[in-house]
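Worksheet: one structure, shown below.
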Amino acid sequence: MLEKEIASIIKFILDSAGNPTPYYHNMPESFAVPSVYFPSPEISFEPDTFSTYGADYMMFANFFHSSTELAYELALPVFHSINADRKLIPLIDINGKNTGYYVRIKDIQLKKADECAYQLQVNWVSRRPYNCGEAQLIQNFYLNGGKL
């Protein structure tokens, strides 16, 4: 199951690239071009607040075409679309409809990966709450001997 943020970013990339053939698992030997391959993202921990932590995501989208130049031309509009939208990608729900919320992209890079392939690296931080047990609220608070 794809997380909401990952699914939203994939949809944005595919829409911006003109809906090439997507691949999510191992690429078949005779894959279609133009296409985009979305391997699982890399995730690391990032401290955030007292009640949340950040999951720092690094996702790679690999664009394939019949030549290196065409792979570049497939990937470049995606790079510009993300930046032109101020690095905000609309979150979608399970039905693919916009929720009114956004994912803020932290960093984006485009580089040649191989012959006939370009790679788009997308980084963002997903904030998640810590698993905290319920705490008892303060009933009385004393400061310098007086009750507040």
* Rg (Å, one decimal) plus Dmax (Å, integer) for the alpha carbons of the chain? -> 20.9, 79
* Sorted by mean Cβ packing within 10 Å, highest first, what order do the peptides 117-129, 94-106 take? -> 117-129, 94-106
* In whole Hz, what ³J(HN,Hα) sequence does the stretch 32-46 give by Karplus (6.51, -1.76, 1.60; θ = phi - 60°), x for Gly and Pro? -> 6, 10, x, 8, 9, 10, 10, x, 4, x, 8, 10, 9, 8, 9
* Under-5 Å amide H pairs with Ala113, H placed in peptide plane, nonlocal only -> Tyr118, Gln119
* **Length added when fully stretched, Leu76-Ser44, from 0.36 nm per residue minus Cα-Cα** => 8.8 nm
* **Whole-Hz ³J(HN,Hα) from phi, Karplus 6.51 cos²θ - 1.76 cosθ + 1.60, for the stretch 64-74, glycine and proline x** => 10, 8, 6, 9, 5, 5, 5, 5, 4, 5, 6
* Nonlocal amide H pairs with Tyr102, under 5 Å, H built at 1.01 Å -> Leu91
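Taken together, the values in this text are just the output of simple stated rules run on the coordinates, not laboratory data. Remember, predicted model here, so these are calculated numbers, not experimental data. A quick note on method: Cβ atoms are made from the backbone with ideal geometry, for glycine too, and the neighbour counts reach across all protein chains shown.
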